[in-house]
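J.: Pasting a structure here, questions to come.
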Amino acid sequence: MKFILKTILLLTFSISFSQSKSIDLKVNELLKKMTLEEKIGQLNQYTNDANPTGPLVVNPNKEKEIKGGLLGSMLNVIGADRTRKYQELAMQSRLKIPLLFGLDVIHGYKTTFPIPLAEAASWDLSAMEQSARIAATEASASGIHWTFAPMVDIARDPRWGRVMEGAGEDTYLGTKIAYARVKGFQGKLGDLNSVMACAKHFAAYGAAIGGREYNSVDLSDRMLWEVYLPPFKAALDAGAATFMNAFNDINGIPATANKYIQRDILKGKWNFKGFVVSDWGSIGELVTHGYSKDSKEAAYSAITAGSDMDMESNAYRNNLAQLVNEKRVPIALLDEAVKRILRKKFELGLFDDPYRFCNQERQDAAIFNPENSKAAREIAAKSIVLLKNSPATGNSGDGILPLSKYTKTIAFIGPMVKPKRINHGFWAVNLKEIDSSYIVSQWEGLENKVGKTTKLLYAKGCDIEGTNKAGFQEALDIANQSDVVIVSIGERYNMSGESKSRSNIHLPGVQEDLLKELQKTGKPIVVLINAGRPLVFNWVADNMPTIVYTWWLGSEAGNAIADVLFGDYNPSGKLPMTFPREEGQIPIYYNHFNTGRPSINEEKLYKSSYIDLQNTPKFPFGFGLSYTTFNYSNLKLSKTKMKANETIEVSVSISNTGKYEGEEIVQLYIKDKYASLIRPILELKDFQKIKLAVGETKTVKFNIDNNKLSFYNEKLEFKSETGDFELMIGASSSDIRLNSSFELIK
C-alpha cells in the first residue's frame, strides 16, 4: 500500500511538473513572436465604458487596440455576451492572444452573500469557502476569469470604510479566512467553475492613518511582518494567482513602487509565480504622491519594483517602449512581467478555447440556481451577531428572542424594512438586466415566516439621514397596537466601502431619537442594526433590551433575519472587530501590547487611561450571544513543559446547558508572559465552531506547537523563545472561562 501511494504521488507530481514545463515552453515560444508593442499591451488593463468601479473612463480607441493585440485585460465587462464580443475582437489580432476579464466579485455575483466582514463574524471557514465557490461559479459562467478578491487587509480602525471588505482586526482569524476564500474562488485554476483570486491590497492598506481612505501608513517592519503580512502569505499558500498593490506608502515608498514589498518579499522570499496588478490608476498616482517626477518615471519605478499590470493609468502604454529603447528598463524585466500574465492565460485554458467562459446557457443555469439562494440564506444567518437579549422592560426571565410564531401582532419599523437592494451592501455586482425581485427584503422575510398567523404592521418612522421626525407618530401608533416592535436601523449601505471613511461612526440621522420615543410605549423592542462596520450606539446598547447586528447580509437578508428572530436558526456569530465606545478610542483592538502602567479595573490615576472614558470597548472581539448557554469545564493539557519540536494537546469540555440547540465558537488564546520584545496581552491562536444539542457535551481538542508560540524578533526572524505561557479558553477575548499555563523549555 505504501508503494502504491508513493507511486501515485510521484505520478501526480510528474504530471503537474510536465504540465508546468509544457506551459513554460508555450509561453517562451509565444514571447519570441511578440513585438515590443504587443508585449507592452499585455501589461495594460482597461475598464469597460460602463459599470466602472473607479472614475468613468471612455476610450474611443479601445476596440482598435484590442484588434491590434495591444491590450491584455479588461475589467467591468459583465455577462457572457459582452465578454464574448471583446474576446472576438482579440481573436482578430495578429497573435490571437486572449483577453483576461476581471471584476470585483467581492461577496457574490448574482447571488449576494453577506459582506466579507459579516461573513467573518460566522467564523465558519467552510461556509466562506462555499460562498466564494458559488460566486466563482456564477461569475465564471458569465465570462469572468478573475476576481479582485479577497481583500485580506487587517483593519483596526472602523472609521475606514473598507473594513466591510475584509475579515476584521485579528491576524490569525484573517489568515484562516484568506486561505478559505482563495480556495473557494480559485479551486483548481482552469476549471470552468473557478476564477483567479487576487489578494489585496499588498500591503498594510488597513493601517491607513486616521482611517482615511488612500492615506499613508506608518508602521515598523515588525508590525508589518507580524500583523499585516501573514494573511497575504496564507493567500499565496492557498494558490492565489494574482496580487494587487495597495494605494498607500510603506516607509515612505508607495506600495506600487516598493521593491521591498514586491521583489524582496513577494517574488523573492515567498517565490510568488503569479502576477501583480496595480490598483486603479495607482501607477500614475506615483506622481501625485510626490515620488515620481512624471508618468514616465512612474512607469519606470513600478515595473522595476515588480508591478506587472497597469490598471487604468496608461503609464506603461505610453512610456515603457521608450524606457526599453533607452535601455533603462531591460527587455528581460519586461519579458518577465509578460510571461507571468501569459502563463495564467494558458493555465485558464484560454489559448485552447478563448470563449470557454462565455456560454449564455451555462450562465443562465448558474445564476438562477435555487441551491445558491439556499446557501446564501444559511450563510447570512450564520453571520448575524446577537449582541443583547434581555427580557422586556419590567419583566424577568428569558430574553425577548426568539419570537413565537404565534405572536399576534408585530410592528416592523424603520428605514431598512422594505427596500431591497440596500441588503446587498457595498461592492455588489450591478446586474442591470436582472431586476431586484430575487432580493428578499426584511419585510418579505417576516411575511414569509409568519404567513397569516401574525399581523404585520409597517411604518418607516424616519430616513437613515436627516432631521425629519414627521414619521415618528405613525411609528408610535402601530407600536401601540403591537405585541412586539422590531426596529431596523443603521447606516446607508454605501456609507461603508471604498472611499467611504467616516469620522463620526454613530448612528446617523434621528434613528436613535425614534428609538427613544418608541421606548416610551413600554413595548418589547428588538433592534436590528444594519451596517458595514462597527458603529457607536451607546444609548441603544444601554437602553434597548434586544440588539441584533445584521450587517448587510445579501440577497437572502430578509429570510435569514427572520430565521434568527423566530429561532429557526440560533445565532452563533462572533464579532471579528472590536466595537468602540467612542471614536476617541480608535484604533482599538483586543491584542494590544501591555504598558508599564496598565489600567486595571479602570484605574485612572497615573495609569494608561482616559480621564473621560473607559478603556474597555463596548463590545469586545469574539463576542456574540446565543439563545442557549454553554458551560466550559475540564481543561486538560497533555503536558506542562514542551520543547520546540513537541506539541501540547489541549482538551476542554463544552456543554449546552440551555433550552435550544446551538453552535459555540470555542476560542483559544495565548499570552507570552515575558520575551525579548513585549508581546500582546493575549492572542487568538485557534478556534473551533461546534454544534451541541440541548444537554449535550463535546470534548474540543487543540494542538499547541512551536509555530503558535513564535513571533518576529528584532532580526525579523520568526522564532519562539523559552519561557512561561498562559493559555486561555473562552467565549470571547474578554470572556475567558478557563486558564492554565505551560513552559517552553530548551
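The values are calculated or read from the model by the stated rules, or taken from the named source; none is laboratory data. Being a predicted model, the structure only gives us computed values, none of them experimental. Positions of Cβ are backbone-derived with ideal geometry, glycine not excepted, and every protein chain shown enters the neighbour counts. With ligands, DNA and RNA removed, areas are computed over all heavy atoms of the protein, side chains included. Shrake-Rupley method; radii C 1.70, N 1.55, O 1.52, S 1.80 Å.
J.: Where only protein heavy atoms count, and the probe is 1.4 Å, what is the accessible area per residue for segment 229-334 in Å²? Provide the component values of the computation, followed by the final result.
T.: On the way: 3580 Å² over 106 residues.
For segment 229-334, the solvent-accessible area averages 34 Å² per residue.
J.: Okay, moving on. Would segment 527-650 count as rounded, prolate or oblate if I go by the C-alpha gyration tensor, calling it rounded below 1.5 in a/c and otherwise prolate when a/b exceeds b/c, oblate otherwise?
T.: Verdict is oblate for segment 527-650.
J.: Counting other C-beta atoms within 10 Å, and keeping those with at most 14, which DSSP coil trypsin sites (Lys or Arg not before Pro) do you find in segment 56-103?
T.: Numbers: sites: LYS62, LYS64, LYS67, ARG82, ARG84, LYS85, ARG94, LYS96; in loops: ARG94, LYS96.
In loop regions of segment 56-103 (DSSP not H, G, I, E or B), the sparsely surrounded trypsin sites (Lys or Arg not before Pro) are ARG94, LYS96.
J.: Additional query: In Å², and per residue, what accessible area does segment 31-166 have when probed at 1.4 Å with the other protein chains present?
T.: On the way: 3570 Å² over 136 residues.
Per residue, segment 31-166 has an accessible area of 26 Å².
J.: On a 0 to 90° scale, report how tilted helix 331-347 is relative to the longest principal axis of the chain, with both axes built from alpha carbons and the result rounded to the nearest 10.
T.: The answer is roughly 60 degrees.
J.: A further question on this structure: For each pair in LYS96/LYS267; LYS382/LYS516; LYS636/LYS671; LYS176/LYS641; LYS639/LYS689, compute the distance between the two Cα atoms and list the pairs where it is over 20 Å. Write down the numbers at each step before the final one.
T.: Working: LYS96/LYS267 29 Å; LYS382/LYS516 30 Å; LYS636/LYS671 17 Å; LYS176/LYS641 28 Å; LYS639/LYS689 25 Å.
Exceeds cut-off: LYS96/LYS267; LYS382/LYS516; LYS176/LYS641; LYS639/LYS689.
J.: To continue, here is another question. Nearest 10 degrees is fine. How inclined is helix 125-141 to the longest principal axis of the chain, computing both from alpha carbons?
T.: With both axes taken from Cα atoms, the answer is about 50 degrees.
J.: Place +1 on the Cβ of every Lys and Arg and -1 on the Cβ of every Asp and Glu in the chain, take the dipole about the Cα centre, and give the residue among ILE410, ILE265, THR629 whose Cα lies farthest towards its positive end.
T.: Looking along the dipole axis, the top candidate is ILE265.
J.: Using a Förster distance of 56 Å, how high is the FRET efficiency between TRP539 and GLU88, based on the Cβ-Cβ distance and rounded to 0.05? Intermediate values should be presented prior to the final figure.
T.: Values: r = 59 Å, r/R0 = 1.06.
In this case the efficiency is close to 0.40.
J.: Another question, then. So if R0 is 41 Å, what FRET efficiency would ASP463 and ARG212 give, r being the distance between their Cβ atoms, rounded to the nearest 0.05? Let's see the in-between values first.
T.: On the way: r = 26 Å, r/R0 = 0.65.
Computed FRET efficiency for ASP463 and ARG212 comes out at 0.95.
J.: Setting aside same-chain residues fewer than 8 positions from LYS607, which lysines have a Cα under 21 Å from its Cα?
T.: Excluding near neighbours in sequence, the set is LYS618, LYS673.
J.: Next up: What is the packing order of peptides 516-525, 454-463, 564-573, taking the mean over residues of other C-beta atoms within 10 Å and listing the highest first? Don't skip to the answer; put the middle values down first.
T.: Details: 516-525: 17.5, 454-463: 19.4, 564-573: 23.3.
Peptide ranking by packing, descending: 564-573, 454-463, 516-525.
J.: Here is a further query. Taking 8 Å as the Cα distance limit and 6 or more residues as the minimum spacing, I'd like the relative contact order of the chain as a percentage. All intermediate terms of the calculation are to be shown ahead of the outcome.
T.: On the way: 1779 pairs, mean separation 93.8, N = 746.
Relative contact order comes out at 13 percent.
J.: Give the percent of DSSP beta bridges with both residues in the chain that are antiparallel, rounded to the nearest 5.
T.: Numbers: 51 of 92 bridges.
Approximately 55 percent, going by the DSSP bridge assignments.
J.: Here is a follow-up. Which translational diffusion coefficient, to the nearest whole µm²/s, is obtained for segment 97-158 from the Stokes-Einstein equation, given a Kirkwood hydrodynamic radius over C-alpha pairs, 10 °C and 1.306 mPa s? Before the final figure, lay out the partial values.
T.: On the way: Rh = 12.6 Å.
For the chosen part, D equals 126 µm²/s.
J.: Okay, next question. Rounded to the nearest 500, what is the chain's calculated 222 nm mean residue ellipticity when only DSSP H runs of at least 4 contribute -39500 (n - 2.57) each, over all residues? Intermediate values should be presented prior to the final figure.
T.: Working: 20 runs with 214 residues, N = 746.
When only DSSP H runs of four or more count, the value is -8500 deg cm²/dmol.
J.: Still on this structure, please answer the following. Note the angle between two axes, namely the Cα long axis of helix 295-305 and the longest principal axis of the Cα atoms of the chain, as a number of degrees from 0 to 90, rounded to the nearest 10.
T.: On a 0 to 90 degree scale, this one is about 80.
J.: Once R0 is set to 30 Å, what does the formula 1/(1 + (r/R0)^6) return for the Cβ-Cβ distance between TRP270 and ASN645, expressed as a FRET efficiency to the nearest 0.05?
T.: Numbers: r = 25 Å, r/R0 = 0.83.
Once the sixth-power term is evaluated, E becomes 0.75.
J.: How far is it, in nm, from the label point at ASP364 to the one at GLU743 when both lie 7 Å from their Cα along the line to the Cβ?
T.: 7.2
J.: Compare the peptides 163-173, 430-440, 320-330 by average per-residue count of other Cβ atoms within 10 angstrom and give them in order, highest first.
T.: Working: 163-173: 26.1, 430-440: 13.7, 320-330: 15.5.
Highest mean packing first, the order is 163-173, 320-330, 430-440.
J.: If you don't mind, there's one more thing I want to ask. Per residue, what accessible area does segment 503-618 have, given a 1.4 Å probe and all protein chains present, in Å²?
T.: Numbers: 4120 Å² over 116 residues.
Solvent-accessible surface per residue comes out at 36 Å².
J.: In debye to the nearest 20, how big a dipole does the chain give about its Cα centre with +1 on each Lys and Arg Cβ and -1 on each Asp and Glu Cβ?
T.: Details: 91 positive and 85 negative charges, 287 e Å.
Once rounded to the nearest 20, the dipole reads 1380 debye.
J.: If packing is taken as the average count of other Cβ atoms within 10 Å, what order do 220-227, 383-390 fall into, highest mean first?
T.: Values: 220-227: 17.0, 383-390: 23.4.
Ranking, from highest mean packing down: 383-390, 220-227.
J.: Round to a whole angstrom and tell me the spacing of the C-alpha centers of segment 589-612 and segment 140-187.
T.: Spelled out, the Cα-based centre of one part sits 33 Å from the other.
J.: Can I ask one more? Quantify, in whole percent, the carbon and sulfur part of the accessible surface of the chain (1.4 Å probe; protein heavy atoms only).
T.: Details: 14340 of 28890 Å².
The C+S portion of the solvent-accessible surface of the chain is 50 percent.
J.: Could you sort out which of LYS574/LYS604; LYS405/LYS452; LYS574/LYS691 sit more than 20 Å apart by Cα distance in this structure?
T.: Details: LYS574/LYS604 30 Å; LYS405/LYS452 10 Å; LYS574/LYS691 15 Å.
Beyond 20 Å between Cα atoms: LYS574/LYS604.
J.: Now for a separate question. Could you calculate the contour length gain from ASN601 to VAL694, that is, 0.36 nm times the residue separation minus the distance between their Cα atoms, to one decimal place in nm? Let's see the in-between values first.
T.: Details: separation 93, 0.36 × 93 = 33.48 nm, distance 3.56 nm.
Result: 29.9 nm gained on full extension.
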